[in-house]
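**Student:** One structure follows; several queries about it will come next.
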Amino acid sequence: MPDFSELANYLRAQIDLDSDQLYSDEPWAWSPLQAQPAVQFTPPKPAPNFTPGFAPAAPRPAPAPKPRPALMPTAKIEIPESAKSAVPSAYEKADSLEKFYELVAAEKLYAKTPFIRGEGNLNKPRLLLVVYSPLPKYLENGYAKSDVGEMVARMFGGLNVKPEEIGVTYFCKKQVSRMVLPQVALVLKKMLEKEVLLMEPQTVIFFGDKLLKQALSQNNVKVVDFGGKPLEFAKTQATALIDPEEMLTNRQLKLVTWKIQIPKCGFFG
């Protein structure tokens, strides 16, 4: 049977997007393989049965074997390039952060759930921290006042970065129970690029493996090894660090971040 896993993942992404537009990270097209002709099998003729004093009976002709149906080759379901929408989203024309949030919140992706805006200094902050998605504890009093937010503030305070110089935003601005599919991540990345351009931070810090893969397109590495490498995102210097939620419960990861990754990026003198 054909392998429909690619199509299933694609449709799951469209459900997450809840949109009538189609998004794809590569041009797709139906390209079935050429089936090989079926090989016909002819059974061997039975040996003649000799009985003394009698002539052997003429063998009956073997019935012609029925041709075996050719198996349908496994084919990849692909979405054509022509199916993608060329109409820009409304938020792409936003000329202020407030207007951007208003337009993004109206996107179908966020229409059925609470939309979580950024917090802290969102006007040319020294640091913009990007978290994958909000946890319930972040929503009680804000990310900065959560246990992990206070730890992050102390860490950057040791680098002479004041709390009022830090902004926080979310890659996915609603609570999610799993890592979003690649097609959804493409949309979220495009939104974040616009958000960063409007905020004009000095440096963007991405936390964790999910953002390393989906926002920075580093698919074959782990943040524990790759973290601290200088990168660029939306015309702004950026890097990835270990997820603070992991640092909170693992002192060794905190030391890796502090002693290896932060010096490695060179953003803090």
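**Student:** Would you be able to tell me the number of residues in the stretch 201-253 that are in contact with a helix residue (DSSP H, G or I) (Cβ under 9 Å, 6 or more places away or on another chain) and of a type in the set (Asp, Glu)?
**Tutor:** Summing the residues that are in contact with a helix residue (DSSP H, G or I) (Cβ under 9 Å, 6 or more places away or on another chain) and of a type in the set (Asp, Glu) in the stretch 201-253 gives 4.
**Student:** Filter the stretch 95-107 down to the residues that are open to solvent by 40 Å² or more (accessible area, probe 1.4 Å) and closer than 17 Å to GLN175 by Cβ and list them by number.
**Tutor:** Matches in the stretch 95-107: GLU107 only.
**Student:** Further question: Residues in the stretch 244-268 that are outside any helix (DSSP H, G or I) and without any contact (Cβ under 8 Å) to a residue 40 or more places away in the chain: how many?
**Tutor:** Within the stretch 244-268, residues that are outside any helix (DSSP H, G or I) and without any contact (Cβ under 8 Å) to a residue 40 or more places away in the chain number 2.
**Student:** In this structure, does GLU195 turn out to be surrounded by fewer than 19 Cβ atoms within 10 Å (Cβ to Cβ), in a helix (DSSP H, G or I) and modelled with pLDDT of 95 or more?
**Tutor:** Judged against the criteria, GLU195 is not a match.
**Student:** With the requirement that a residue be of a type in the set (A, V, I, L, M, F, W, C), assigned to a helix (DSSP H, G or I) and surrounded by fewer than 22 Cβ atoms within 10 Å (Cβ to Cβ), what does the stretch 203-243 give you?
**Tutor:** Those that are of a type in the set (A, V, I, L, M, F, W, C), assigned to a helix (DSSP H, G or I) and surrounded by fewer than 22 Cβ atoms within 10 Å (Cβ to Cβ): VAL224, PHE226.
The values are calculated or read from the model by the stated rules, or taken from the named source; none is laboratory data. Please read all numbers here as calculations on a predicted model, not as lab measurements. Neighbour counts are summed over all protein chains in view; Cβ atoms, including those assigned to glycine, are modelled from backbone coordinates with ideal geometry. Just the protein is used for accessible areas: all its heavy atoms, side chains included, with ligands, DNA and RNA removed. Shrake-Rupley method; radii C 1.70, N 1.55, O 1.52, S 1.80 Å.
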